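Participant: Handing you a structure now.
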Amino acid sequence: MDKLIYGLCAFTALSCAALLLRSYSRGRVRLLLWSGLCFVGLTANNILLILDKLLFTAIDMSIWRLSLALVAVLLLLVGLVLENHS
């Protein structure tokens, strides 16, 4: 069951990233770009979670996963701050 949930989480984050970036390409609203980049990072985080928990069980990738999630959320934070100052 965990394999299905990990896969669905990755697919959902990828879908969100694709929809946000497609909307950005049509409307050029910068907040959509930052949100899309955040979800690209969260997709990578979910893929790394799948690799960590299901394929490479002997290796602990939690630091890499948390670092990637932090970078993804920081991208959104930077976008929000930049958008507020514009």
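Participant: Keeping to segment 1-36, report how many residues are of a type in the set (A, V, I, L, M) and closer than 20 Å to Val71 by Cα. Before the answer, list the steps.
Facilitator: Residues of segment 1-36 of a type in the set (A, V, I, L, M): 1, 4-5, 8, 10, 13-14, 17-21, 29, 31-33.
Narrowing the set further to residues that are closer than 20 Å to Val71 by Cα leaves 10, 13-14, 17-18, 20-21, 31-33.
Count: 10.
Participant: I'd like the full set of residues that are within 23 Å of Leu74 (Cβ to Cβ) and surrounded by fewer than 19 Cβ atoms within 10 Å (Cβ to Cβ), limited to segment 1-21. First the steps, then the outcome.
Facilitator: Keep residues of segment 1-21 that are within 23 Å of Leu74 (Cβ to Cβ), which gives 9-10, 12-21.
Result: Cys9, Thr12, Leu14, Ser15, Cys16, Ala18, Leu19, Leu21.
Participant: Next question, about the same structure. Under the condition of being of a type in the set (A, V, I, L, M), surrounded by 14 or more Cβ atoms within 10 Å (Cβ to Cβ) and over 15 Å from Leu74 (Cα atoms), which residue from segment 22-60 is farthest from the chain's Cα centre (by Cα)? Working first, answer last.
Facilitator: Our first condition is that a residue be of a type in the set (A, V, I, L, M); within segment 22-60, this holds for 29, 31-33, 37, 40, 42, 44, 47-51, 54-55, 58-59.
Now narrow it down to the ones that are surrounded by 14 or more Cβ atoms within 10 Å (Cβ to Cβ): 31-33, 37, 40, 42, 44, 47-51.
Restricting the remaining residues to those that are over 15 Å from Leu74 (Cα atoms) gives 47-51.
Details: Ile47: 10, Leu48: 11, Leu49: 12, Ile50: 14, Leu51: 15 Å.
Top of the filtered list is Leu51.
Participant: If you scan segment 61-86, which residues turn out to be among the aromatic types (Phe, Trp, Tyr) and either at positive phi or buried (at least 18 other Cβ atoms within 10 Å of the Cβ) (or both)? Walk me through how you get there before you give the answer.
Facilitator: Of segment 61-86, the ones among the aromatic types (Phe, Trp, Tyr) are 64.
Listed by number, the list is empty, since nothing qualifies.
Participant: Are there any pairs with C-beta distances below 6 angstrom linking a residue in segment 58-84 that is more than 18 Å from Phe39 (Cα to Cα) to a residue that is in a loop (DSSP other than H, G, I, E, B) and among the β-branched types (Val, Ile, Thr), with the two at least 6 apart or on different chains, and if so which?
Facilitator: Taking only residues 6 or more apart or on different chains, not a single pair turns up.
Participant: Of the conditions (1) closer than 15 Å to Ala10 by Cβ; (2) among the polar types (S, T, N, Q); (3) out of contact with any helix residue (DSSP H, G or I) (no Cβ under 9 Å at 6 or more places or on another chain), Thr57 clears all except one; give me its number.
Facilitator: Result: Thr57 passes all but (1).
Every read-out reported here was derived from the displayed coordinates using simple, explicitly stated rules and does not represent laboratory data. Bear in mind that the values here come from a model prediction, so they are computed numbers and not experimental data. Neighbour counts run over all protein chains shown; Cβ positions are idealised from the backbone, glycine included.
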